[in-house]
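**Q** Please read through the structure below; I'll follow up with questions.
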Ligand SMILES: [Zn+2]
């Protein structure tokens with residue numbers, strides 16, 4: 001169990017979100033730091049994000065939004081928060097050029113067909129930098145694997161580590177470079193080693209509750225990476241399911257015809273299809289198989305030509 005008193009001392013509050021949106025970590029303003037949010041959720045949830053933040057902030061304005069990485073579920077609220085409070089947005093240095101040029105190919109939104117309204121970034125977050133957020137200083141640490149540009153935030157006095165998608169309590173996030181035909185498992189292993197070295201007392205993940213059983217979480221993630229390295233196809237299947245469920249949770253209901261087209265045309269799946277060793281079958285057979293499995297597992301339901309979230 002995580003003692004919430006530690007978060008209070010750090011002047012932060014974790015707003016744990018459900019599907020589609022990442023958690024939000026909110027810091028009230030202090031003498032040395034403006035009111036700051038780490039990660040802003042998914043665009044479709046922006047209104048909910050603003051009302052959750054308003055309830056915490058009261059009359060205070062949000063002045064700064066920091067992103068651990070630029071996946072749509074972590075930065076999708078940026079535009080809405082800028083419109084509401086005129087806050088600055090700080091992004092990982094490695095992603096800054098792609099944001100400045102608003103290059104949706106580099107930013108992954110086109111590959112996954114996920115939404116993110118364009119936003120402006122005022123400043124980059126540099127690995128190795130120390131930043132005052134809330135009442136304390138936080139170290140900014142590069143953490144590739146899930147996303148090559150990603151960062152985590154570490155508060156060394158309290159041992160609180162904000163890992164975003166580099167470490168979850170009981171699952172492993174998709175290792176995105178592998179889907180694009182680049183290597184990512186090695187970097188993901190190195191990320192876990194780096195986390196272990198910090199000996200964090202408490203991890204605030206991007207999804208799920210904050211946790212203190214860091215050794216168990218590391219072991220679970222390492223086992224999963226080993227399994228995926230042995231059988232990369234399992235990672236592809238896992239990614240295919242997770243991305244399809246993300247899409248369905250956003251759209252709730254689609255005709256099967258449309259969903260098959262989406263599963264064959266969306267760029268991330270076209271690359272996957274080319275890389276799947278056993279995928280001698282064509283793309284629409286593969287798409288139908290993905291849907292069948294999710295229906296059989298009770299995650300989706302099918303009524304005539306309509307597929308919806310179960
Ligand atoms: Zn992510």
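**Q** Taking every Cα atom in the stretch 6-76, find the radius of gyration and the maximum pairwise distance Dmax, and write them in Å.
**A** 11.6, 35
**Q** Provide the percentage of antiparallel DSSP beta bridges, counting only those with both residues in the chain; round to the nearest 5.
**A** Given both bridge residues lie in the chain, the antiparallel proportion sits at roughly 70 percent.
**Q** Let me ask something else about it. Across the Cα atoms of the stretch 80-143, what radius of gyration and what greatest pairwise Cα-Cα distance (Dmax) are found, in Å?
**A** Just the Cα atoms of the stretch 80-143 yield Rg and Dmax of 13.5, 39 Å.
**Q** Cut-off 10 angstrom, C-alpha nodes, Gaussian network model of the chain. Which of 89, 260, 25 fluctuates the most?
**A** 260
**Q** Quick check: the angle from helix 214-230's long axis to the longest principal axis of the chain, C-alpha only, nearest 10 degrees?
**A** So the inclination is approximately 30 degrees.
**Q** When the Kirkwood radius is taken over all Cα pairs of the stretch 149-255, what Stokes-Einstein diffusion coefficient follows at 4 °C and 1.567 mPa s, in µm²/s?
**A** 88 µm²/s
**Q** Can you compute the helix-only [θ] at 222 nm over the chain? Use -39500 (n - 2.57) per DSSP H run of at least 4 residues, normalise by all residues, nearest 500 deg cm²/dmol.
**A** The per-residue figure over the chain is -12000 deg cm²/dmol.
**Q** For a quick check, take a GNM of the chain with Cα springs below 10 Å and name the residue from 154, 238, 42 with the largest mean-square fluctuation.
**A** Among 154, 238, 42, the largest mean-square fluctuation in the Gaussian network model of the chain belongs to 238.
**Q** In addition: Would you mind ranking 262, 85 by Cβ crowding within 10 Å, fewest neighbours first?
**A** Arranged by neighbour count, lowest to highest, 262, 85 become 262, 85.
**Q** For the chain, what does the relative contact order come out to in percent, with C-alpha contacts under 8 Å and a separation of six or more?
**A** Over the chain, the number comes to 14 percent.
**Q** Counting pairs of Cα atoms in the stretch 53-99, how many percent are more than 13 Å apart? Write down the numbers at each step before the final one.
**A** On the way: 616 of 1081 pairs.
Value for the stretch 53-99: 57 percent of Cα pairs lie more than 13 Å apart.
**Q** Specify the residue with the greatest mean-square fluctuation among 58, 11, 186, computed from a Gaussian network of the chain linking alpha-carbon atoms under 10 Å apart.
**A** 58
**Q** Let me ask you something else. Compute the Cα gyration tensor for the stretch 244-310, then decide on rounded, prolate or oblate, letting a ≥ b ≥ c be the square roots of its eigenvalues: rounded whenever a/c is under 1.5, prolate when a/b is larger than b/c in the other cases, and oblate in all that remain.
**A** On the way: a/c = 1.97, a/b = 1.68, b/c = 1.17.
The shape class here is prolate.
**Q** Also, quick follow-up: Decide, for the stretch 120-212, between rounded, prolate and oblate: order the square roots of the alpha carbon gyration tensor eigenvalues as a ≥ b ≥ c, take rounded if a/c falls under 1.5, and otherwise choose prolate if a/b is larger than b/c, else oblate. Walk me through the numbers before you get to the answer.
**A** Working: a/c = 1.87, a/b = 1.30, b/c = 1.44.
Oblate is the answer for the stretch 120-212, as a/c is 1.5 or above yet b/c matches or exceeds a/b.
**Q** Largest first and in whole Å, what are the equivalent-ellipsoid semi-axes of the chain based on the Cα gyration tensor, each being the root of 5 times an eigenvalue?
**A** Result for the chain: semi-axes of 33, 22, 18 Å.
**Q** Once fully extended, how much extra length lies between residue 274 and residue 190, figured as 0.36 nm per residue of separation less the alpha-carbon to alpha-carbon distance?
**A** So the chain would gain 27.5 nm between residue 274 and residue 190.
**Q** How high is the relative contact order of the stretch 1-81, in percent, counting Cα pairs under 8 Å that sit 6 or more residues apart?
**A** 28 percent
**Q** Right, here's the next one. Using the Cα atoms of the stretch 1-149 to build a convex hull, what is its mean projected area in square nanometres?
**A** 8.9 nm²
All of the numbers you see were taken from the coordinates with simple rules; none came from a lab. Keep in mind that what you see is a predicted model, and the values were worked out from it rather than measured. Cβ sites come from the backbone with ideal geometry, for glycine too, and all protein chains shown count toward neighbours.
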